[in-house]
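The values are calculated or read from the model by the stated rules, or taken from the named source; none is laboratory data. Please read these numbers as outputs of a predicted model, since none were measured by experiment. FYI the Cβ positions are ideal-geometry reconstructions off the backbone, even for glycines, and counts take in every protein chain you see. The accessibility values were calculated without ligands, DNA or RNA, using every heavy atom of the protein model including side chains. Shrake-Rupley method; radii C 1.70, N 1.55, O 1.52, S 1.80 Å.
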Amino acid sequence: MQHPVLKSKKNLYIYVSAWAPVLCAHACIDIYFYAVPRSLSLLDAFVSTALFAAIGLLSWYTVRFISIENQRIPLHLFNHFAAAGMFISLWYVITKAILIHSSTKMEFIDFILQSGVFRIVIASFLYCILALSYYLYKYYSSYKVRIEREAAWKTLATESELNLLKSQLQPHFIFNSLNSIHALLLQDVDKAQHMLSNLSGYLRLSIEKNKEKSVSFSEEINNALLYYSIEKIRFENRLHIETNIEDDTAACKVPFMIIQPLLENSIKHGLFESLDPVTVELIGFVKENALYIRIQNNHDASVKKQRGNGLGLKHVQQRLFLLFGRKNLMKIKDENGIFQVELIIPQY
């Protein structure tokens, strides 16, 4: 750990400035309590304060290497008393020698000699304040480093979990798509080949963008429509999509591949549980510094829902929580034969 005063010019200026009040107080005590001439009082104050400030820089190393956690309190106090005695003695001897040789007035020399006890008491008090200040800085710096380290680990863990979620979604999507292609091969080989080509393009795009945390909403819409084109080949006239996207949403940032699981969920629960055509509506608008994305589809409310693990919706909700630290960014509503999922993406 660097010396807190010497590591930057700014800190050095602050340290020197902090001793100015001490210097003024010293001069005032000499003048008003001991009737020392103004010039000699200023000399006394400057020499005493400047030397103590200089020697006080060395007390940092005492604080640095004498740790409260690693020693018992009595031993800790003993080490500090020994260090304080050494520093103050050094300061007192040098200060007295300089001041005595700086004046020929016996009254001033007698004052310097007779005020030794008072000087040592004040120096001890200042040493305690200085040591306490160093300890506060030391523990604040350690606390700050610990917080930054914990934040870095938290960020790393969050990114790892997000990558894990992505890696779980991709096989889930590929598995479902390959099942669709397999089913289509029994009906129409040309359509199956077309679907496989679209799937290849979609996967190529997802690999290229996989390392990006976010993409523009316009890009994400294009990705979603590419996925829709894959499913459209299979379901033909049973599946339709409508988009209602406001123009000011295009540049908004969204997590990559956040819409596809929602489209997949709409198709799964809309088409697989009914023979009726399903229309998926994709809505996007900006409100109060947030991008709102709504995906809704009609379904047969009289048909009992198939039980599933809801992997796609759970992963989307978990990704939003990891990215933004909020659990209220996804809302699900099922009313009057319309199933709706709404995402709220903050735009910071």
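What is the sum of charges around S39, taking Lys and Arg as +1, Asp and Glu as -1, for the other residues whose C-beta is under 14 Å from the C-beta of S39?
Working: positive: R38, K105; negative: D30, D44, E107.
Combined, the nearby Lys, Arg, Asp and Glu give -1.
Do the alpha carbons of any pairs in K144/K314; K96/K138; K213/K327 sit beyond 27 Å of each other, and which pairs? Check vs 27 Å cut-off fails for K144/K314; K96/K138.
Computed from the alpha carbon positions, the gyration tensor of the chain leads to an equivalent ellipsoid with semi-axes of 79, 20, 17 Å, biggest first.
Can you give the FRET efficiency to the nearest 0.05 for S141 and L77, using r as the Cβ-Cβ distance and R₀ = 25 Å? Once rounded, the FRET efficiency stands at 0.60.
Applying 1/(1 + (r/R0)^6) with R0 = 25 Å to the Cβ-Cβ distance of A20 and L132 gives a FRET efficiency near 0.80.
In the assembled protein chains, I100 presents an accessible area of approximately 50 Å² (probe radius 1.4 Å). Per-atom-type breakdown for the chain gives carbon and sulfur 62% of the accessible area (1.4 Å probe, protein chains only). State which helices in the chain qualify, where a helix is a whole DSSP H run, it must extend 27 Å or more along its own axis by its Cα atoms, and its mean Kyte-Doolittle hydropathy must be at least 0.0. Qualifying helices, which must be both long enough and hydrophobic enough, are 73-100, 116-185. Computed on segment 1-153, with alpha-carbon pairs under 8 angstrom and 6+ residues apart, the relative contact order is 22 percent.
Which value, in Å², gives the accessible area per residue of segment 1-143 when a 1.4 Å probe is used on the protein heavy atoms?
With all protein chains present, segment 1-143 gives 61 Å² per residue.
Within the listed set S39, S266, S177, the residue fluctuating most in the Gaussian network model of the chain (springs between alpha-carbon atoms under 10 angstrom) is S39.
For the chain, the 222 nm mean residue ellipticity estimated from helices alone, with every DSSP H stretch of n ≥ 4 adding -39500 (n - 2.57) and the total spread over all residues, rounds to -22000 deg cm²/dmol. Near Y143: Cβ cut-off under 11 Å, other residues only, Lys/Arg at +1 and Asp/Glu at -1. The net charge is +2.
By the gyration tensor of its Cα atoms, with a ≥ b ≥ c the square roots of the eigenvalues, what is the shape of segment 1-85: rounded for a/c under 1.5, prolate for a/b over b/c, or oblate? The partial results should precede the final answer.
Details: a/c = 3.67, a/b = 1.72, b/c = 2.13.
Oblate shape, in that a/c is at least 1.5 and b/c is the bigger or equal ratio.
If you take all other residues with their beta carbon under 11 Å from the beta carbon of S48, and give Lys and Arg +1 and Asp and Glu -1, the sum is 0.
Averaging 1/r across all pairs of distinct Cα atoms in segment 85-142 and inverting the result yields a Kirkwood radius of 13.1 Å.
Rg over Rh for segment 233-348 works out to 0.97, both radii taken from alpha-carbon positions and Rh defined as the Kirkwood radius.
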